[in-house]
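Notes follow the structure.
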Amino acid sequence: MKKSLYADAGLLMVALIWGVSFVLVQNAIAHLEPYSFNAIRFLLAALILAVWHLLKNPSRSGFRPGLLKAGMKMGLWLFLGYALQTIGLLHTTPAKAGFITGLSIVIVPLLSLLFLKQALTLQTAFGIIAATAGLYLMTMIGESRFTVSDLLILIAAFSFAMHVVMTGKYSQKFEALPLTIVQLTVVSLLSFAGGFVFENPAGSFSLHTLFLPDVAAGLLITSLLATAAAFLIQTSLQRFTSPARVALAFSTEPVFAAITSYFWIGETLSPYAMAGCVLIFGGIILSEIPVKKQPLTLEK
């Protein structure tokens, strides 16, 4: 029971860190291009964890057969999620991006059904409908229209959902620290490749750019807290709690993003957008509260 309570508290802290980081990322990528930002952020996080691993466990590496492949799969989905989300943040608001990204928690049960053959309850289906209606209100009515950036973030939500599914699968088989190091390294390498192809490496990696206050603060805080600490906590604790509790904890991320945006940059939402936020949050909660119902399964 204690492990479960610690896990829930730790995952809630991860959601808080991620929600707050939306504003930090948006401020940083106003100066440092998205792929380059993610490349440096995840490289710093991987190096921090690698040094810690060497100090903590110098006698054995913990890199068992199969770990590299598992970490690469997790890293690929994580890269797609962060790349699309970071690009999307260039032309949308942190609160809006946070709520759309929150839909990944609703997508998780669908992916679990398709790839892991886990049951989908009727309650989850109603939660998905409610969250989808909320997304429509938030992005298609009034001033808050659905844009290309919103579509990119919605695809990012799918990628994050796949990452949650992969984490649940592989965290049971491998040690958390080396598995986290591998996936963060993969994200960094793919981001460096994207930066060299689509961005201006000379400008992005100049000392003048990297030492701008918004960039330096964004890189240091997100690499240490929102990346190294957050993903290590997730990989370590996901095995000690139920999928419903993981989803409930992560569903608070967009709420933290909206609160941070309000106090930090004075961002407000239209009435339609606020109603959409309520529906999305309600749909996420509804879809994940465990009930004793007959599950919906795929017909053979």
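The values are calculated or read from the model by the stated rules, or taken from the named source; none is laboratory data. Nothing here was measured: the structure is a model prediction, and the numbers come from that model. Note: ideal-geometry Cβ built from the backbone for every residue, glycine included; neighbour counts use all protein chains shown.
Per the conditions (1) surrounded by 22 or more Cβ atoms within 10 Å (Cβ to Cβ); (2) at pLDDT 95 or above, the sole criterion not satisfied by V25 is (2). Taking the range 238-253 as the range and being in a helix (DSSP H, G or I) and closer than 17 Å to A161 by Cα as the test, the residues that pass are Q238, R239, P243, A244, R245, V246, A247, L248, A249, F250, E253. Checking each residue in the range 75-95 for being at pLDDT 85 or above and small (G, A, S) picks out G75, G81, A83, G88.
A258: under 23 Å from V106 (Cα atoms) and in a helix (DSSP H, G or I), yes or no? Yes; evaluated as a whole, the condition is true for this residue.
L76 passes every criterion in (1) under 16 Å from the mean Cα position of the chain (by Cα); (2) crowded, with 19+ Cβ neighbours inside 10 Å apart from (2). Quick check, is L152 of a type in the set (A, V, I, L, M, F, W, C), over 28 Å from T93 (Cα atoms) and assigned to a helix (DSSP H, G or I)? The answer is no for L152.
Being modelled with pLDDT of 80 or more, more than 20 Å from the chain's Cα centre (by Cα) and within 29 Å of A45 (Cβ to Cβ) holds for only one residue in F126, F196, and it is F196.
Checked against (1) buried (at least 18 other Cβ atoms within 10 Å of the Cβ); (2) at pLDDT 85 or above, K173 passes all but condition (1). So, F146, is that one surrounded by fewer than 22 Cβ atoms within 10 Å (Cβ to Cβ), without any contact (Cβ under 8 Å) to a residue 40 or more places away in the chain and not small (G, A, S) or not? When the stated conditions are applied, F146 passes them.
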